[in-house]
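Chemist: Supplied in structure tokens, the structure appears directly below.
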Amino acid sequence: MTKSFRPIAGISAFLIRRMACCVFLFACTTRAESPTNIFDPAATPAHSIFSVSMLMFSVTVSIFLIVGSLLLYALIRFRHRPGDSASEPAQIYGSNQIELSWTIIPILIVVMLFLSTTRIILNTESIPKPESAIDVVVIGHQFWWEFRYPKLGVVTANELHIPISDPAEPTPTYLAMSSADVSHSFWVPRLAGKMDVIPNRINTMWIDPKEPGLYLGQCSQYCGTQHAKMLLRVYAQSPEDFYAWVKQQQKPANPDLGNNAAAAEGRTVFLHNACINCHTVAGTAATGRFGPDLTHFASRDTFASGSIKNTPENLKEWIDDPGSFKPGALMPPMHLNDHDLIAVTAYLTTLH
Amino acid sequence: MMNTASTIPIDAQLEPPWVLPNRGTVGMVCLIVAEAAIFMIFFVSYIFYLGKSLTGPYPAQVLELPIFSTICLLSSSFTVHFAVSSLRKGKFRNCTIGLAATVLLGSLFLLETAREWYHLIHDEGLTIRTNLFGTTFYSLVGLHATHVLVGLIMLSIALGISLGGRMKEAHSERLEVLSLYWHFVDSIWVAVFLVVYVIGR
Amino acid sequence: MADTTPVMEGIDESLAVERSGFEVVYEWVTTVDHKKIGLMYIAYALIFLVIGGLEATLMRIQLAVPNNHFVSPQVFNQLFTMHGTTMVFFMGMPMLFGFGNYLIPLMIGARDMAFPRLNAFSFWVSAFGGLLLYFSYFGASGLYGAGSAPDVGWFAYAPLTAKAFSPGHSTDYWTLAVFLSGIGSIGTALNIVTTTICMRCKGMKMSRMPLLVWLYLVMSSMVFIAVGPLTAAQIMLTLDRYVGSHFFDTQAGGSAVLWMHYFWIFGHPEVYILVLPAFAFANEIVPVFSRKAIFGYPAMVAASIAIGFISLSVWAHHMFTVGLGPAGNTFFVFATMTISVPTGIKIFNWLATIWGGKVHFNVPMMFCVGFLFQFLIAGLTGIMLSVAPFDWQVSASYFVVAHFHYVLVGAIVFALFGAFYYWYPKATGRMMSETLGKWHFWLFLIGFHLTFDFMHIPGLLGMPRRIYTYDAGRGWEMWNMIVSIGAIFQIIGVGCFVFNMVHSHYRGKIGGHDPWDAWTLEWATSSPPPSYNFAIEPTVHSRRPLWDLKHPEDPDSDYE
């Protein structure tokens, strides 16, 4: 390769690699196997964002291709070749018409993009709430999520159950969110954009998944040591399944433990230890509010805010030392002896 | 294109005299803008939290118009201006008098502020930690008072130099720069007066 | 028509005398010479560039695979806090102020800055701030006992920074270090503005100043308006933590959002403060290596001022997810989108400068070409983020991290590298090695793109920022691995650069006073310049005084 071509080769390689990356990135994203892909919307807010994003991508990618190609062309066409004369090129100081044109055109693009964006903002933030909406109060804690259904008398933690919404008769879920301590953020990408969860402030958002399923997300505002493991699990269910779940959750803990002696012993240990300072089990003397409500603990697939599978082995290890899973979690090691540990675990696994 | 000698372009014929603004003045204006930005945020906090205190005491209950201290501080701007213009005209004794009057008036302002705070803390039970009003009031007025104190220290140094007979006409630009700072401190007080004692009550 | 006077290379007689190490150190520590202070700022910033880079590398090792245990969550949270704080306040600001300090008096034909002692004071205050921040690794007590650096994130949101949630002193190290850096920044900015307005040489009207000087003027003016809010907020935070006030105490009715407003009223202009000098370097380098005057000087000045001005009004685009309401969100969408207009104008003017020129691909120009493409992309991802609904998805995710690193590394660091290669001959008298420079460029380019191109994807796939680990099964693993691999190339590239700088100091080709055949005043004196800069105060008649001297038949003054 002659010397004069080396820079072109370099620059072309550079730019072609850049463009290939962009196309590749985009393709990957749209087809990626990810349960939290923002380009795989499953509810109206996420759909609106998806459509305005496509418009915006097409505008920005076009601008990149046009300006990038012009730049590449200029660098190649006007490069200094070794045989060139030593004279300086014509000195052009400016041109008012050209300046005007590349001021006006961007202004027009900005206006168009602005109007499209405003429409989506208003559609998401300013629409009236339908009568049939499900109300959920979301309270962010360090490092778990509290969910209360005021009209249904349900209190749970970390796993949010909501009914799907039929477009013919919408039943969206309205979330009224605040924090008990520091700022958090509620983000389930396939359902909606995120909304911050801030103390001394109530933020609202709504979601309306059309298909049943499990939608994942997590806290998106740095809130301390275990910000990374403050996961979200949203279970969208058919109305029948949802109301069946509600009915179960409305009951207090079953006082009758049958023949389960270990569980009965475990309940005694639970009620006589510091557990009750932080946790609530409806129907018992445990009414603590600092930690998650455990009344229906065993009905959940996970605990520790979605980061640990809910199995007796994991549960035992967690109660013994939460820091072994989630260093920095605010639950202290309970210092129970082995016998009590097994008993309490047995009790908690009966709390369906 | 490489010589061993550097070539500096110069022009033997002078164009119209090349006069640029005074360094001290420009520097002080920059400092004033930066300080104004800091004060602005304290004002914003004050206004934002008006009416949001969860408990009393409240501004209308405990604040009285600080007429005396305002008159002191505003007149001190006149006295410092008098000092600067006297120095420019070479009237050194008047300059000393002007500076002394400014320091005196500024000190009276601070004493009056101290008296007001004593009353608020001991009689009304309002401290910086009492409520949002206490927090924003003491921080804003306190920040201003700190700036007054710094200004007084600088003015006292100038007064000392003037009393020692070492203040010359050539120093008038520097004294003017100092007086700019003092005028700034004064105008912040006007804003505090309006926001805290008039509108906020 | 200007006369000239050839002046022999400044002969510094003191060089002939052997000086003890102590005397040399004493001279540097007590200097008020803008050139020495500038070089100290730059050396200091380079050290923190390496330290900040080390912190980033440790984070990338931790995140390369899911559920990694390379560092604990506590250490990881300190790493991202220190990395951000270091890079912004103790690398970016000192580096850019260092270049400004060195170049501005030379470019305007002045002897020094307006307030040399304030200059030295500002440097030492900032330097102390950096040392204080790093002392926290040894001396601070935090949430987890002794020896903990701050772990609240570089923007230290309330109420995480309240005494209740961040006990001990590690947060206070952050507050105090950044506070001191702010004092230093205001001091240097004051010096730059005063020098620019009051110390230009004869004939250099404002409309004849090099664009670098204009951009530093705008940037310094922004410092006055932007740093104040952060200083005020930090005073309030410290009062909250120690005196029991309630500025950000949500239990007493205080507002967490207020801290966010104050921080971003500082934070957004701050990133423009960081990027404007990068534009400044491109404005000097691109014309010289295209052999053409900058296209549209007045439009460039107007665009720079417009960017400075508008950037003061866009801050809440960092808060689109806070729930400001449709009116608030819409206003900030609009303001943010409008800033793309003057920014676009600048890119088009650079394009027009290259168009019709004769482009020489020396190392400074290669870095500036990288800057141009990368800044274009960074600006476009910025426009994407200004679409608030899209931001509702990707705010606080790796998409945003990728965007701002594209600006900070892809635009600013690349322009800085270009500036190093361009002005190194002026400061030392020797040229840096072109071969090593090319190795540096290509390695760093590959590493930059591996890391920051692919970093956009996890953001789009739902990965938030500031997480010390993540589960498998989210589709993030491969991308994180690629991102981490890119770090290796960047490290090697920077290694080449540091070696080049040291080696060239002793073995580099002698550059002479004007190795690039450039046109601004700093090339009219020797390399390195004598302590007094110019033997005689220059007189200028146009924007490119040396072009006029070299082309007396066709001077710029005929066209301006």
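The values are calculated or read from the model by the stated rules, or taken from the named source; none is laboratory data. Being a predicted model, the structure only gives us computed values, none of them experimental. Every residue, glycine among them, receives a Cβ derived from its backbone with ideal geometry; neighbour counts consider all protein chains shown.
Chemist: Out of segment C:374-389, which residues are at the interface with chain A (Cβ under 7 Å from one of its Cβ atoms), in a helix (DSSP H, G or I) and closer than 14 Å to A:V59 by Cα?
Modeler: Answer for segment C:374-389, where residues must be at the interface with chain A (Cβ under 7 Å from one of its Cβ atoms), in a helix (DSSP H, G or I) and closer than 14 Å to A:V59 by Cα: C:L376, C:I377, C:L380, C:I383, C:M384.
Chemist: Evaluate the following for C:A164: is it modelled with pLDDT under 95, out of contact with any His (no Cβ under 9 Å at 6 or more places or on another chain) and more than 18 Å from C:R544 (Cβ to Cβ)?
Modeler: yes
Chemist: Also: Do we have any residue at all in segment C:492-514 that's within 18 Å of C:P210 (Cβ to Cβ) and out of contact with any Leu (no Cβ under 9 Å at 6 or more places or on another chain)?
Modeler: Yes, some residue in segment C:492-514 is within 18 Å of C:P210 (Cβ to Cβ) and out of contact with any Leu (no Cβ under 9 Å at 6 or more places or on another chain).
Chemist: If you don't mind, another one. Which of the residues that make up segment A:135-192 are within 21 Å of A:D40 (Cβ to Cβ) and in contact with a Cys (Cβ under 8 Å, 6 or more places away or on another chain)?
Modeler: Within segment A:135-192, A:S185, A:F186, A:W187 qualify.
Chemist: Now for a separate question. Mind telling me which of the residues C:T195, C:T238 ends up being more than 8 Å from chain B (Cβ to nearest Cβ), more than 23 Å from the chain's Cα centre (by Cα) and not aromatic (F, W, Y)?
Modeler: The unique qualifying residue is C:T238.
Chemist: Let me ask something else about it. Has segment C:307-315 got at least one residue that is in a helix (DSSP H, G or I), of a type in the set (V, I, T) and within 7 Å of chain A (Cβ to nearest Cβ)?
Modeler: no
Chemist: Now for a separate question. Need the failing condition index for C:S542 against (1) at pLDDT 95 or above; (2) within 14 Å of chain A (Cβ to nearest Cβ); (3) not in a helix (DSSP H, G or I), just the number.
Modeler: (1)
Chemist: While we're on this one: Within the set of pairs 6 or more residues apart or between chains, which connect a residue that is facing chain C (nearest Cβ under 8 Å) inside segment A:111-127 to a residue that is modelled with pLDDT of 95 or more and not in a helix (DSSP H, G or I) with Cβ atoms less than 6 Å apart?
Modeler: Pairs that qualify, where the first residue is facing chain C (nearest Cβ under 8 Å) and the partner is modelled with pLDDT of 95 or more and not in a helix (DSSP H, G or I), are A:T117/C:V387.
Chemist: Next question. Where residues in segment C:522-539 are touching a residue at least 60 places away in the same chain (Cβ under 8 Å) and outside any loop (DSSP other than H, G, I, E, B), which of them is nearest to C:V213 (Cα to Cα)?
Modeler: Result: C:E522.
Chemist: Can you tell me which residue is surrounded by the fewest Cβ atoms within 10 Å (Cβ to Cβ) among those in segment C:453-508 that are of a type in the set (V, I, T), within 14 Å of chain A (Cβ to nearest Cβ) and assigned to a helix (DSSP H, G or I)?
Modeler: Out of the qualifying residues, it is C:I482.
Chemist: Let me ask something else about it. Which count do you get for residues in segment C:332-373 that are farther than 28 Å from A:L113 by Cβ and more than 7 Å from chain A (Cβ to nearest Cβ)?
Modeler: Residues in segment C:332-373 being farther than 28 Å from A:L113 by Cβ and more than 7 Å from chain A (Cβ to nearest Cβ): 7 in total.
Chemist: Working only within segment A:285-316, note down all residues that are out of contact with any helix residue (DSSP H, G or I) (no Cβ under 6 Å at 6 or more places or on another chain), crowded, with 16+ Cβ neighbours inside 10 Å and without any contact (Cβ under 8 Å) to a residue 40 or more places away in the chain.
Modeler: Matches in segment A:285-316: A:N310, A:N314.
Chemist: I'd like to know if segment C:142-158 contains one or more residues that are within 14 Å of chain B (Cβ to nearest Cβ), surrounded by 24 or more Cβ atoms within 10 Å (Cβ to Cβ) and small (G, A, S).
Modeler: Scanning segment C:142-158, I find at least one residue that is within 14 Å of chain B (Cβ to nearest Cβ), surrounded by 24 or more Cβ atoms within 10 Å (Cβ to Cβ) and small (G, A, S), so the answer is yes.
Chemist: Inside segment C:316-329, can you point out the residues that are facing chain A (nearest Cβ under 10 Å) and buried (at least 18 other Cβ atoms within 10 Å of the Cβ)?
Modeler: Hits for segment C:316-329 are C:M319, C:F320, C:T321, C:V322, C:G323, C:L324, C:N329.
Chemist: Still on this model: Could you check, for segment B:68-79, whether at least one of its residues is within 14 Å of another protein chain (Cβ to nearest Cβ), among the small types (G, A, S) and in a helix (DSSP H, G or I)?
Modeler: no
Chemist: Separate question: Return the residues of segment B:73-100 that are crowded, with 20+ Cβ neighbours inside 10 Å and free of Cβ contacts under 8 Å to residues at least 60 places away in the same chain; say none if nothing qualifies.
Modeler: Result: B:T79, B:S86, B:G98.
Chemist: Pick out the one residue from A:A236, A:A192, A:A264 that is hydrophobic (A, V, I, L, M, F, W, C) and in a helix (DSSP H, G or I).
Modeler: Answer to the check: A:A264.
Chemist: Condition check: surrounded by fewer than 24 Cβ atoms within 10 Å (Cβ to Cβ), at pLDDT 95 or above and within 12 Å of chain A (Cβ to nearest Cβ). Does C:L450 satisfy that?
Modeler: yes
Chemist: In addition: Which one of these is in contact (Cβ under 8 Å) with a residue 40 or more places away in the chain, within 15 Å of B:P57 (Cβ to Cβ) and of a type outside the set (D, E): B:F193, B:F133?
Modeler: B:F133
Chemist: Follow-up. Given the conditions (1) within 14 Å of chain A (Cβ to nearest Cβ); (2) among the hydrophobic types (A, V, I, L, M, F, W, C); (3) surrounded by fewer than 17 Cβ atoms within 10 Å (Cβ to Cβ), and given that C:A518 satisfies all but one, which numbered condition is not satisfied?
Modeler: The one condition C:A518 does not meet is (3).
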